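> Please find one structure pasted underneath; my questions will follow.
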Amino acid sequence: MESDRSGRIQRGRSDPRMVATQFKPGQMPWSKGTKGVCGTHPNTKRTHFKKGEMNGVAQRKYQPIGTYRLSKDGYLEQKVNDDMPAQRRWVAVHRLVWEAANGPIPQSHVVCFLPGRRSSELEKITLDALELVSRAELAQRNHPRSKDPELARLVQLKGAITRQVNRIAREAKEQES
């Protein structure tokens, strides 16, 4: 395969067979002006996927609109449409409950369960178990300081150690230069 006689294009070598098959400057490619080369022959259209058609695994795994499932995080979700993108096909039921009662969720806000009221059972996901909070408030709630004072202290110590290690590494690098 590495010999001149292999016919493969190799940098720095000039076998006539290699040179004959290379594009020359200004040469037009054979496919210029064609859109979707495979669509030019009538037999290829016969085997293409048709819009809305499902075959094979997709057909076996299809879930109809209105189906419920549990997300990876343990939230109950409902399928609301079959359109793309796939991330918007399934919506958390607690969001749907909130939107049905109060309208769309404002930007930079989220619907979450009240403390101790989270559930993946459809009957227990009610409006009185939900609240609307801003993302900033949610971040404060989920911050380590609000969870456990000892954990908050450890996070602070880790940050201090990281800063010292970075300072020492930076000083060592400056001395080398």
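Read-outs: derived from the displayed coordinates by stated rules, not from any lab. Keep in mind it's a predicted model, so treat the numbers as computed, not measured. Reconstructed Cβ throughout: ideal geometry from the backbone, glycine too, with neighbour counts over all protein chains shown.
> Take Leu114 and Asp128, extend 7 Å from each Cα along the Cα→Cβ direction, and tell me the distance between the two endpoints in nm.
0.8
> Can you give me the three principal axis dimensions of the stretch 54-139 from its C-alpha atoms, in Å, biggest first?
45, 26, 24
> Taking only C-alpha pairs under 8 Å that are 6+ residues apart, what is the relative contact order of the chain in percent?
Value for the chain: 9 percent.
> Rounded to the nearest 0.05, what FRET efficiency is calculated for Ala169 and Gln22 with R0 set to 30 Å and r the Cβ-Cβ distance?
Calculated transfer efficiency: 0.05.
> Once you keep just the Cα pairs under 8 angstrom separated by 6 or more residues, what percentage relative contact order results for the stretch 58-142?
22
> Looking at this model, which pairs from Lys50/Lys124; Lys45/Lys72; Lys124/Lys158; Lys124/Lys147; Lys61/Lys124 are more than 31 angstrom apart at the alpha-carbon?
Listed pairs above 31 Å: Lys50/Lys124; Lys45/Lys72; Lys124/Lys158.
> Once you list every other residue whose beta carbon is under 12 Å from the beta carbon of Val165, what net charge do they have if Lys and Arg are +1 and Asp and Glu are -1?
With Lys, Arg at +1 and Asp, Glu at -1, the net is +3.
> Out of [x] 18.4; [y] 24.4; [z] 17.7, which label holds the value of Kirkwood radius over Cα pairs in Å that was computed here?
Structure-derived value, by its label: [y].
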